[in-house]
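The values are calculated or read from the model by the stated rules, or taken from the named source; none is laboratory data. Keep in mind that what you see is a predicted model, and the values were worked out from it rather than measured. Cβ sites come from the backbone with ideal geometry, for glycine too, and all protein chains shown count toward neighbours.
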């Protein structure tokens, strides 16, 4: 029953082949098997959002996805997102706004906030809060996080004019 | 918590799934979006020996309209419900429900088939399909079977599915220009399961009279609760504040909510009355609102 499953997938643009146990969730696969420790394992039951990563272009809870199910998938983690510079401005805004306190939630926050930048460029402050409502910051630094996303959206809109 | 040691097999066709189900029997658990199942594994609330991944079975995918009926494949994700143009046109209630379900990252994985099969009494989609008078298409090695949504939910986390049956699709009858629908809920935090919610669908004719009302509450019973007496209080009447008040009063006989972690039965009854007003009052005619 606990036989290993062979998977081949793209992680941050690199082809990866591994043999995984069925019980391995995506975050442990990334952290323990691939050494990509940017994605955090928090509650491990889908509540806190610290494990937010992209699978096939859309954000998911990494702790609620079996690595074994991802044969052929495309996974992007905070490492890949950072290297692509897609949200370099957002990350700068996180620093400027002091939106990372202990930093545990930050990778998941940035992944979820990147989703707002991509899909909801005109999001209001209320919509930003709604979109990030599944990502917990136990330092409760939400105001600064929402500030950083709001500022990034505003700057991007300004630049587009 | 980590998941327990468990097996995994991927089916790419229904025939392959039937073979795997025959091989593993009751030890097997279907895995669709996994957004509830995998959390229950972490808590050891369920104990399957092997997960059968159905997400690559093409026959369970797709959204299409045929002969005026909207067919939504079981593997349709909540996020897809929220943005699909056919759903928006033919079942706007489902599009309106999607943003109420959990959070964006969960909506990108969770499926309508999974939500209906799990049958959480506080979930949005079971109430929606009952409100819409939908049909659940179940499939097994014995063939297809159609179950009216109203008869599908048989108790707390229980459905009419036989052990070897799975949900293939949901079929929703066509909407008319006079059809109105609305879903609203009260939750402590955005994305939480509702303390109480209401999925409502009705028709308003040219005189403002209500026909075929279906008020379906969630989070107030062991499954979606069709409020038959509240519906009867509206049926055939001009929708005005007196009609809404009559529907609210009739809820006393429709609902028998259990106490839960949110509060006592009377709180749930109160919330149901509030939701009834909030759902129906936007449909009042301007003259009525001005009074």
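Being within 14 Å of residue B:105 (Cβ to Cβ), buried (at least 16 other Cβ atoms within 10 Å of the Cβ), within 11 Å of another protein chain (Cβ to nearest Cβ) and touching a strand residue (DSSP E or B) at 6+ places or on another chain (Cβ under 7 Å) narrows it down to one residue among A:43, A:51; which is it?
Every option except A:51 fails the conditions.
Can you tell me which residue is surrounded by the fewest Cβ atoms within 10 Å (Cβ to Cβ) among those in region A:57-70 that are facing another protein chain (nearest Cβ under 9 Å) and over 12 Å from residue A:27 (Cβ atoms)?
A:58
Answer with yes or no whether residue A:113 is within 30 Å of residue A:3 (Cβ to Cβ) and crowded, with 23+ Cβ neighbours inside 10 Å.
No: the conditions fail for residue A:113.
Examine region A:11-29 for a residue that is in a helix (DSSP H, G or I), more than 14 Å from chain B (Cβ to nearest Cβ) and at pLDDT 95 or above, and state whether such a residue exists.
no
Tell me which residues, restricted to region A:96-122, are away from chain B (no Cβ under 12 Å), out of contact with any strand residue (DSSP E or B) (no Cβ under 9 Å at 6 or more places or on another chain) and either farther than 19 Å from residue A:40 by Cβ or in a helix (DSSP H, G or I) (or both).
Selection gives A:96, A:97, A:98, A:106, A:117, A:121, A:122.
Any residue in region B:60-77 that is under 21 Å from residue A:73 (Cβ atoms) and within 11 Å of chain A (Cβ to nearest Cβ)? Step through it out loud before you land on a result.
Filtering region B:60-77 down to residues under 21 Å from residue A:73 (Cβ atoms) leaves B:60-62, B:73-77.
Now restrict to residues that are within 11 Å of chain A (Cβ to nearest Cβ): B:77.
Within region B:60-77, one or more residues are under 21 Å from residue A:73 (Cβ atoms) and within 11 Å of chain A (Cβ to nearest Cβ).
If a residue counts only when it is surrounded by 15 or more Cβ atoms within 10 Å (Cβ to Cβ), which helices (runs of 4 or more DSSP H) contained entirely in region B:194-291 have at least 2 such residues?
Passing ranges, in order: B:228-234, B:241-254, B:265-280.
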